[in-house]
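Notes for the one structure printed next.
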Amino acid sequence: MIEVLAKLGRGPVFLAGEVLECVITFTNPLSASSTSASSEMLAWASAQIHCQFHASENRVALPPSDGSKPDVQAENETVFVPNRGERGQCILSTPPKILFCDLRLDPGESKSYSYCETLPVDGPPSFRGQSVKYVYKLTIGCQRVNSPIKLLRVPFRVLVLHGLKDYQFPQDEAVAPSNPFLEEEEGLKKDSRLADLATELLMVATSRRSLHLYNISNTRGKVGTFCIFKTVYKIGEDVIGTFNFSEGDIPCLQFSVSLQTEESIQEEFQRRRGQPVSFTVHARHQESCLHTAQSSFSLPIPLSSTPGFTTNIVSLKWRLHFEFVTSGESARTCLVRGSQSEAVTWTGVEQMEVDTFSWDLPIKVLPTNPILASYVSQFSSTNSITI
C-alpha cells in the first residue's frame, strides 16, 4: 500500500498566467500492527492540468464532436488520460510531466516531488453556472506494474484578469534592492511580478471614484435620486449606494436592490432562439421608505463568486436590479386622522393604489488577490489517495 498526498502550498486559487506549484509525496506507511513489511514499487507517475467543460443539454446546443471514432488508447486502462471518467469535454490541457519511473519505497520511506506548471492565460475562468461549467483540475496518475492506473485529482480555482496577457515585462532588472544571498529562479521571479502587477492593475481600476447620479422617475413624475460613487469593483468588496427621496414628487413606499449576475448563451449556441437569460441573486436589500428623506444600502460581492467574463459560448455580466413601489396618490393621503380630540393620532390607510417599476444598472466586477480568495475556497489545498 502506498499513500499519495498532493498539497498546493499557496492555496487552491490562482490567476491565469501564474505558476501552479504542487508538492506530491509518495509514502509507504509503516503500520505498528503489521507483522511483516515489504518494499513497494511504482512503475511511474505523471501529472497534468486540464479544464473540463460541461454544458446543460436543455440550454446549450454544442457542435458535434470531431472525433467520430473512439480512441483505442484512451480506453486502455494503462494509458494516462487525466479526464478519464469526467463529464463534458476537455477544452484545455497542459503537456503531461513525468514525475518518476521505477520508484521503490521501503517500509516507512517517503519521496516528494515538486510539480510546477504555468496556467494558460487564454483559458476561461473557473465557473459553475446554470448553463455551463468550467472546472480546473490537476490530475496525478500512478501505476503499479501490470495494474490499472490510479488517478488523484486536485481541483483548484482560476481567476482571469484581462490585460495581463498583453503585458510585456521589461528586459532590464528592476532597480529595487535585492538580496545577493538569496537565489531566486527566473520563473518564480516573473510569477511574483505577475501577481504584483495584477494587484496594481486591480487597485487602479477599482479605486477610481466619481459621483454618478441617476434620477428615478416613472410616467407620473420624479420619485427620487440615486447616487453611487463607482461602478467597477473587485470580488469581496461592498457595493454601496444612497437614495434621496426628499426632492421626489411621487412618494416611494418600498424599494429593493439585488446584486445579480446575468448568464447568457451566445446566439449560435442557444438551444432555442430567444431563450431567456439566467439570473443569479448574490445579495439583496429591501426597505420600507414612506416619508423617508434619505436611505442607503450595502451589498457584499462574495469572494466565491465569478467575476464577469465572456467566452465563445457564454457571457457573464453583473448588475444592480432595482424595484420600486410608489403610491398612486399624494403623500398626504397616506395618513389619516384617527381622532378629533386634542390628542391627535395618525394611522396608515388600509388600502391605497400603488405602482411598481424596475431598473437595472450594469456594474463591472473584477477578480481579486488569489490569496484572499483562497480563504473562502470550497477546495482543499491537500488531497490524497491510497493505491
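The values are calculated or read from the model by the stated rules, or taken from the named source; none is laboratory data. Just so it is clear, the structure is predicted and the values come from calculations on it, not from any experiment. Ideal geometry is used to build each Cβ from the backbone, glycine not excepted, and the neighbour counts take in all protein chains shown. For the accessible areas, the whole protein counts, side chains as well, though only heavy atoms, and no ligand, DNA or RNA atoms are used. Shrake-Rupley method; radii C 1.70, N 1.55, O 1.52, S 1.80 Å.
Here are the numbers for this structure:
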item: Area projected by the alpha carbon convex hull of region 186-304, averaged over all directions, nm²; result: 11.5 nm²
item: Sum of side-chain charges, Ile140 neighbourhood, beta-carbon under 14 Å (Lys, Arg +1; Asp, Glu -1); result: +4
item: Solvent-accessible area, 1.4 Å probe, carbon plus sulfur percent, for region 202-289; result: 47 percent
item: Gain on full stretching of the segment that runs from Tyr375 to Leu30 - 0.36 nm per residue minus C-alpha separation; result: 120.8 nm
item: Residues whose placed amide H lies under 5 Å from that of Phe100, excluding near-sequence neighbours; result: Ala45
item: Accessible area of Arg157 in the full protein assembly, 1.4 Å probe (Å², nearest 10); result: 20 Å²
item: Protein-only accessible surface order, largest first, of His50, His282, His321, His162 at 1.4 Å; result: His162, His282, His321, His50
item: Sites matching chymotrypsin sites (Phe, Trp or Tyr not before Pro) across region 190-260 that sit in DSSP coil, with at most 15 neighbouring C-beta atoms within 10 Å; result: Phe229
item: Whole-number percent relative contact order across region 224-292, with pairs defined as alpha carbons under 8 Å at least 6 apart; result: 33 percent
item: Sites Asn244 and Thr199, calculated FRET efficiency, Cβ-Cβ separation with R0 41 Å, nearest 0.05; result: 0.70
